[in-house]
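This report concerns only the one structure given below.
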Amino acid sequence: MTDYFALFHETRRPWLDAETLKDKLHKLSAEHHPDVAKDRSVDFTELNAAYRMLHDPKTRLRHLLELEFPGTLTSNLQIPADISRLFETMARERHSVGVFLEKQAERKTPLEVALMASEKIELHTVLEKLLALLDQKHEAILTQIKFMDAVWEEDKAGSQDALLDVYQCISYVGKWMDQVRGDLVRLGEN
Amino acid sequence: MSDIVGIDLGTTNSLIGIMDAGFPILIADADGARLTPSVVHFPAASEPLVGNAANRMRAVDPANTVYSIKRFMGRRIGEESDDAGYQLAGSKGTPARVLVRREEYSPEQISALILKKLKADAERMLERSISRAVITVPAYFNDAQRNATKLAGELAGFAVERIVNEPTAAALAYGLDKLGEKSKIAVYDFGGGTFDISILELNTGVFHVISTNGNTRLGGDDIDNALIAHMISLAGPLDDSQKAAALARLREAAIDAKHRLSSQSETVINLPFFDGEKSLSFNLTRADLERIARPIIERTRAHCLRSLADAKLSPADLNQVILVGGQTRMPLVQEFVRTIFRREPNISQNPDEAVALGATIQAGILGGTVQNMVLLDVTPLSLGIETFGGLMNVIIPRNSTIPIKAGEMFTNAMPGQRAMLIHVLQGEREMARDNWALGRFELDFEPAPKGHARVGVQFEIDANGILHVLARDTKTGIEKKVEIESAVDVSDEAVEMMISESIEHAFDDVSERMFTEAKLKATEMLPAVRKALGLASDKLGDEDRSAIALLVTEVEVAMESGEAQRLKRANAALDEGTQHLAALLVERAMEEARKRKSGNA
């Protein structure tokens, strides 16, 4: 398997700063992008793949798990207990948004849509609160990753379970944030 | 190394530029004009005319004058409304072709004529021959449309060095003198036929596109068409015998009026005998035009929201919103951008020229005359293949930085299976059939037990946003380039369905169906109006209330009459007449939400 950490000249570790990583991509692009590269010794699509893998904490953790502890990711992922309450809230609110959007899609005239405005505004507020909640959780997980990063070099083997747990949490929370953002866009469209 | 030119091949106008001593300059034609109308006229007995000369023939000889050809690039008949003044050839589902003077032309050929004219103008001014070009396309163009544009360039005698996205090109022009800065910008590009929104990060000469969204069938042309429909509603139905000529005159007048109303608040449209005996003369205010244009401009909102969501940014995170495309001259468009992005839009760029200047800068980057600049662009649409159950399996997600490669392994599902058909798609919908079919290819397997024959397929989207597919047998190691049968050239199920649908509908009783639809709308509308009046009638004036009551009566009477046209008109009038009421309702809901919020706090 390609070691994307190595490809991007980073050591294998849980935490990488997003802005620093992006600056690095920009520097490497100025050198190796096919439009400007003096030589073709470095394949830009590989750098591109490495950045994609590393800049998202979720895929970065997955890659780290795959490299350091091969085989751990084969088991079915479950929603960690830590975020199961959040999942219930999310499922409920998203369901009501789905029902609302379906109802709104049946309304054909601007007046009928306008009649649903207060319900829509209410849902919008609810979703925004939910997104804030998810964002909070997301930040907390990122802090956790930073903590793990601090002890990583000393005790890799001991970090395995915690790493797997955090990977699952951030996968779910990240996915839910995307879904809620998508719902907000759909609500805001007309 | 020979020069590379930059070309903006626009729906309405096209431009060409070249780098001169480190700066992009645009090249004027023999008459001194930098803007070449993307119009081609075919005279009876001489070579085609392109540009201003052709544009002058639009109202005189509409049947032999082709405009806005860009919207047919990479498209099939039936996908686009064929309300052009010129004739289209071919049956539904076949690649779009234009029929002029009994000759068929592909959109690529027409575009090539425009490109050739630009090439000749550039060669005349530079006094040397030009053979390499960078050509721009709307960011939201799919693979077929990009390939068509590339082909047009080749037909015109260019080696097409790069297909570059229009909003990205505009960003290059904007950022040329800001290379030291680090900022986040959005480019709102509303042109004649297409709309794009792109969000970029600028960082010491690197132009990094974060997300893009758009609609390749939404542009200023739609506003022209809506205005023409309004003019026809005032003038009465057109005489069928010379409809094309009358429409061409209406279009000319509509465009003129639209342009004037960007700087003045009122104008006169005056068309004596534009349709046989019929004349039209009326005052059009900016408010009238805005009422007509608003629903069209409103359609750009969803794309802006999506691109922000994809970039995971809020409007406050942006440093600038750059306006390009001629349609952004309209004050209502600027006002709209102001409300969506909650900031004053940046109008420092010439909306007609920024894209061509950017294409020229990209040409300079490729040619080596521009240093310290590099563009990281993205693919606008997710690329995937059809899997079991007709679902789309995404292989390269939208907004991935290009060039990009992604691998996928395929294996035989049955012992001895020799081949497998792969269906390649572009789009964001879950069901394969709802996405754009790029085409299909066949993978060959060596004879082997089930699951043992393995072929790895590499999908590569190059820096032009164009797909290349490579298949590699893992056992034999044999690699081969896969030719995708273009969906545009091949009739597949979707096309057959489109055709059978159209036949089905042909046998329908059109007027009966129209009445049923209109009646359905009316039965939904009337209770909604009653409910809305109950909620907000205290905020309406007496005049408004009685006006709405009259409109309601007309709908009720029309429903009894059984006349489809009358009911449709009555519905539309009620829709229009209750706009104010709808706005009041939304205001009331927002007011209540604000009260609740402050009550909670």
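The values are calculated or read from the model by the stated rules, or taken from the named source; none is laboratory data. Note that this is a predicted model, so its numbers are computed, not measured. Note that we place each Cβ from the backbone using ideal geometry, even for glycine, and neighbour counts take in every protein chain shown.
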Among residues of the stretch B:347-373, those that are without any contact (Cβ under 8 Å) to a residue 60 or more places away in the chain, surrounded by 17 or more Cβ atoms within 10 Å (Cβ to Cβ) and outside any helix (DSSP H, G or I), counted: 1
Given (1) surrounded by 20 or more Cβ atoms within 10 Å (Cβ to Cβ); (2) assigned to a helix (DSSP H, G or I), number of the condition B:His259 does not satisfy: (1)
Unique residue being among the charged types (D, E, K, R) and within 14 Å of chain B (Cβ to nearest Cβ) when the list is A:Glu139, A:Glu154, A:Glu102, A:Glu88: A:Glu139
Right, B:Ser348: within 30 Å of A:Leu47 (Cα to Cα) and either among the hydroxyl-bearing types (Ser, Thr, Tyr) or touching a His at 6+ places or on another chain (Cβ under 6 Å) (or both) or not? no
On the basis of being at the interface with chain B (Cβ under 8 Å from one of its Cβ atoms) and of a type in the set (Lys, Arg), does A:Lys38 make the cut? no
Restricting attention to the stretch A:64-73, which residues are of a type outside the set (A, V, I, L, M), surrounded by 15 or more Cβ atoms within 10 Å (Cβ to Cβ) and either outside any helix (DSSP H, G or I) or at pLDDT 95 or above (or both)? A:Phe69
Would you confirm whether or not the stretch B:440-451 contains a residue that is touching a residue at least 60 places away in the same chain (Cβ under 8 Å) and in contact with a strand residue (DSSP E or B) (Cβ under 6 Å, 6 or more places away or on another chain)? no
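Has the stretch B:263-276 got at least one residue that is closer than 30 Å to B:Tyr174 by Cα and either loosely packed, with under 13 Cβ neighbours inside 10 Å or touching a Lys or Arg at 6+ places or on another chain (Cβ under 8 Å) (or both)?
Residues of the stretch B:263-276 that are closer than 30 Å to B:Tyr174 by Cα, as a first pass: B:263-264.
Keeping just the survivors that are either loosely packed, with under 13 Cβ neighbours inside 10 Å or touching a Lys or Arg at 6+ places or on another chain (Cβ under 8 Å) (or both) gives B:263-264.
Yes, there is a match, as at least one residue in the stretch B:263-276 is closer than 30 Å to B:Tyr174 by Cα and either loosely packed, with under 13 Cβ neighbours inside 10 Å or touching a Lys or Arg at 6+ places or on another chain (Cβ under 8 Å) (or both).
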Any chance the stretch B:329-338 includes a residue that's surrounded by fewer than 22 Cβ atoms within 10 Å (Cβ to Cβ), away from chain A (no Cβ under 14 Å), of a type in the set (Val, Ile, Thr) and over 28 Å from B:Ala463 (Cα atoms)? no
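Okay, residues lined up against (1) crowded, with 23+ Cβ neighbours inside 10 Å; (2) part of a strand (DSSP E or B); (3) touching a residue at least 24 places away in the same chain (Cβ under 8 Å):
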residue	(1), (2), (3)
B:Ile7	yes, yes, yes
B:Ile16	yes, yes, yes
B:Met19	no, yes, yes
B:Ala30	no, no, yes
B:Val40	yes, yes, yes
B:Pro43	no, no, no
Looking only at the stretch B:279-294, decide whether some residue is closer than 21 Å to B:Leu218 by Cα, part of a helix (DSSP H, G or I) and within 14 Å of chain A (Cβ to nearest Cβ). yes
Condition first: of a type in the set (A, V, I, L, M, F, W, C) and under 21 Å from the mean Cα position of the chain (by Cα). Now tell me which residues in the stretch A:18-52 satisfy that. A:Ala18, A:Leu21, A:Leu25, A:Leu47, A:Ala49, A:Ala50
Within the stretch A:108-121, track down each residue that is more than 7 Å from chain B (Cβ to nearest Cβ) and buried (at least 16 other Cβ atoms within 10 Å of the Cβ). A:Val113, A:Met116, A:Lys120
What residue, of A:Ser171, A:Ser159, is away from chain B (no Cβ under 14 Å), of a type outside the set (Lys, Arg) and within 11 Å of the chain's Cα centre (by Cα)? A:Ser171
Being among the basic types (Lys, Arg), touching a residue at least 40 places away in the same chain (Cβ under 8 Å) and surrounded by fewer than 18 Cβ atoms within 10 Å (Cβ to Cβ) is the filter here, so list the residues in the stretch B:520-566 that pass it. B:Lys539
Which one of B:Ile197, B:Ile210 is in contact with a Lys or Arg (Cβ under 9 Å, 6 or more places away or on another chain), assigned to a strand (DSSP E or B), surrounded by 24 or more Cβ atoms within 10 Å (Cβ to Cβ) and within 14 Å of chain A (Cβ to nearest Cβ)? B:Ile197
Only residues that are among the β-branched types (Val, Ile, Thr) and farther than 30 Å from B:Lys568 by Cβ: list them for the stretch A:106-146, please. A:Ile121, A:Thr125, A:Val126, A:Ile141, A:Thr143, A:Ile145
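Each row is one residue, and each column tells you yes or no for (1) over 23 Å from B:Ile395 (Cα atoms); (2) surrounded by 13 or more Cβ atoms within 10 Å (Cβ to Cβ); (3) of a type in the set (S, T, N, Q).
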position	(1), (2), (3)
A:Glu10	yes, yes, no
A:Asp23	yes, yes, no
A:Ala30	yes, yes, no
A:Glu46	no, yes, no
A:Ala49	no, yes, no
A:Lys58	no, yes, no
A:Arg92	yes, no, no
Based on this model, can you work out whether B:Leu383 counts as surrounded by 22 or more Cβ atoms within 10 Å (Cβ to Cβ), of a type in the set (A, V, I, L, M, F, W, C) and more than 11 Å from chain A (Cβ to nearest Cβ)? yes
Go through the stretch B:445-468 and give me each residue that's more than 16 Å from B:Ser400 (Cβ to Cβ) and under 40 Å from the mean Cα position of the chain (by Cα). B:Val455, B:Gly456, B:Val457
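Where residues in the stretch B:386-398 are part of a strand (DSSP E or B) and away from chain A (no Cβ under 14 Å), which of them is nearest to the chain's Cα centre (by Cα)?
Kept after step one, since they are part of a strand (DSSP E or B), are these residues of the stretch B:386-398: B:386-387, B:391-396.
Checking the rest, the ones that are also away from chain A (no Cβ under 14 Å) come to B:386-387, B:391-393.
Details: B:Glu386: 26, B:Thr387: 29, B:Leu391: 26, B:Met392: 24, B:Asn393: 26 Å.
Checking each candidate, the answer is B:Met392.
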Pairs returned, first residue in the stretch B:399-416 that is within 10 Å of chain A (Cβ to nearest Cβ), second residue that is in a loop (DSSP other than H, G, I, E, B) and aliphatic (A, V, I, L, M), beta-carbon separation under 8 angstrom, 6 or more apart or interchain, are B:Ile402/B:Ala463; B:Pro403/B:Ala463
